[in-house]
Amino acid sequence: MSTVLTDSPVPTEAPRMHRPEGVWRAAWKRLRSDRVGVGSLIVVLFFIGLILASAAGLVAKEWQMEVGLPSAPPTIVGPAPKVESSAIPVPKGPNVDISAVDPLAPRYQEWEERAAKFKSEERPKAETLPFGGDRLGRDVLAKATKGTQTSVFVGLLGAVIAAIIGTLLGALAGFFGGRIGDFLEWLYSVFTAMPDILLLLVFAVIFGRGIGSVAIILALVGWTGVYRQVRAEFLKHSVREYVRSAEAIGASVASRMFRHILPNVSHVILVRMSLLVVGFIKFEVILSYLGLGVGVDDVSWGTMLAEAQSELILGHWWQLVAATAFMAVFVTAFSLFTDALRDALDPKLRGLE
């Protein structure tokens with residue numbers, strides 16, 4: 001039998017369809033190519049690890065302990081020069097028995113022995129500390145570490161609460177419009193018509209001091225920026241085809257708002273929230289510096305700056321430098337990371353790829 005040859009093409013595999021890269025994966029890819037963004041992310045992650053270690057009690061656990069001499073200088077400066085006392089010793093009088101007059105006289109000797117024993121067993125206080133000590137002898141490095149936990153936690157918590165408030169109100173105003181939108185626009189105008197510092201002081205008087213109170217105060221002042229951007233995004237997305245299609249197949253209002261539109265505007269909320277963290281940390285420092293921030297039993301960068309004001313008069317600069325250095329490094333790194341994140345999530349840049 002002869003084989004019949006035909007010109008029919010040999011079947012080949014169907015070409016694989018190229019799946020579009022996800023928004024977050026593409027953003028992470030662009031972020032990794034930004035050296036400044038990666039470097040700032042490493043610094044931010046270091047501070048986050050420091051905060052978690054402080055919260056777990058692994059570091060700065062004894063920040064309230066007086067481990068050094070009052071106003072102990074930093075180690076690189078060396079111990080403070082000792083000043084010889086010029087007090088004139090007072091001669092003791094004759095040993096007179098006053099037990100008949102004072103019934104506690106027999107206990108005086110016992111108390112003196114106990115005091116001497118306690119003083120001998122007390123841990124000797126250091127003449128110098130790595131970053132110096134405050135006026136009570138507390139370690140400034142431990143205070144700055146604990147203050148980082150307080151200030152950053154307040155900034156993050158306040159930003160999350162502000163983002164939730166702004167997102168909910170902005171979604172309602174942008175999706176529904178009408179009387180709901182008009183009322184929320186009026187509320188937005190009332191809050192933006194007053195200076196932020198004035199609102200902060202008013203709410204601080206109402207809510208009082210404390211970490212939770214400061215976070216709520218900052219959220220009530222800072223939600224307006226999130227509201228404005230979310231409202232604009234919901235106005236734009238609510239009339240698009242994918243939302244109209246979801247409505248046509250019977251999707252509920254909540255489903256269209258939070259399952260269809262919200263994921264497409266989440267990058268805007270994330271970037272805005274990261275910007276709020278930096279601003280809220282600065283506001284917390286201002287409130288604590290004015291005595292309207294965290295409680296007296298807590299420490300933050302603001303309380304450290306307030307204490308350093310009186311120490312500078314005596315030439316003790318190390319607490320001011322420590323608080324300023326910690327705050328400047330974290331705020332700068334977080335701001336650079338925010339800029340890199342905003343560029344990575346920019347839809348215009350995604351369209352150029």
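The values are calculated or read from the model by the stated rules, or taken from the named source; none is laboratory data. Values in this document were obtained by computation on a predicted structure and should not be read as measured data. Here the Cβ positions follow ideal geometry from the backbone for every residue, glycine too, while neighbour counts run over all protein chains shown.
Below, the figures for the structure above:
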{"item": "First in segment 60-80 and under 11 Å from D134 (Cα atoms), second anywhere and in a loop (DSSP other than H, G, I, E, B) and basic (K, R), Cβ under 6 Å, 6 or more apart", "result": "G68/K125; L69/K125; P70/R135; S71/R135"}
{"item": "Hits in segment 300-337 (condition: surrounded by fewer than 17 Cβ atoms within 10 Å (Cβ to Cβ) and more than 14 Å from I286 (Cα to Cα))", "result": "S310, L312, I313, L314, G315, W317, V321, A325, A328, V329, T332, S335"}
{"item": "Any chance V277 is aliphatic (A, V, I, L, M), at pLDDT 90 or above and more than 26 Å from R138 (Cβ to Cβ)", "result": "yes"}
{"item": "Qualifying positions in segment 257-289 - free of Cβ contacts under 8 Å to residues at least 24 places away in the same chain and among the charged types (D, E, K, R)", "result": "R259"}
{"item": "Looking only at segment 279-299, and only at residues there that are under 15 Å from G208 (Cβ atoms) and of a type in the set (G, A, S), the one that is surrounded by the fewest Cβ atoms within 10 Å (Cβ to Cβ)", "result": "G291"}
{"item": "Members of segment 38-57 that are over 19 Å from F326 (Cα atoms) and either in contact (Cβ under 8 Å) with a residue 40 or more places away in the chain or among the aliphatic types (A, V, I, L, M) (or both)", "result": "V38, A56"}
{"item": "Residue that is within 19 Å of V154 (Cα to Cα), of a type in the set (A, V, I, L, M) and modelled with pLDDT of 90 or more, where the choices are L235, L200, L218", "result": "L218"}
{"item": "Sole residue being within 14 Å of the chain's Cα centre (by Cα) and part of a helix (DSSP H, G or I), chosen from M273, M304", "result": "M273"}
{"item": "Residue in segment 238-247 that is surrounded by 12 or more Cβ atoms within 10 Å (Cβ to Cβ) and in contact (Cβ under 8 Å) with a residue 40 or more places away in the chain present", "result": "yes"}
{"item": "Given (1) surrounded by fewer than 23 Cβ atoms within 10 Å (Cβ to Cβ); (2) among the aliphatic types (A, V, I, L, M); (3) touching a residue at least 40 places away in the same chain (Cβ under 8 Å), number of the condition L172 does not satisfy", "result": "(3)"}
{"item": "A232 vs. criteria of a type in the set (A, V, I, L, M), over 21 Å from T148 (Cβ atoms) and in a helix (DSSP H, G or I)", "result": "yes"}
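Rundown of residues vs (1) among the aromatic types (F, W, Y); (2) in contact with a Gly (Cβ under 7 Å, 6 or more places away or on another chain); (3) within 30 Å of L305 (Cβ to Cβ), yes/no style:
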position	(1), (2), (3)
D134	no, no, yes
V140	no, yes, yes
T145	no, no, yes
F153	yes, no, yes
A159	no, no, yes
F176	yes, no, no
G181	no, no, no
W186	yes, no, no
T192	no, no, yes
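Per-residue answers, yes or no, for (1) at pLDDT below 80; (2) touching a Gly at 6+ places or on another chain (Cβ under 7 Å); (3) not aromatic (F, W, Y):
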{"site": "H18", "(1), (2), (3)": "yes, no, yes"}
{"site": "R25", "(1), (2), (3)": "yes, no, yes"}
{"site": "V36", "(1), (2), (3)": "no, no, yes"}
{"site": "W63", "(1), (2), (3)": "no, no, no"}
{"site": "G93", "(1), (2), (3)": "yes, no, yes"}
{"site": "V96", "(1), (2), (3)": "yes, no, yes"}
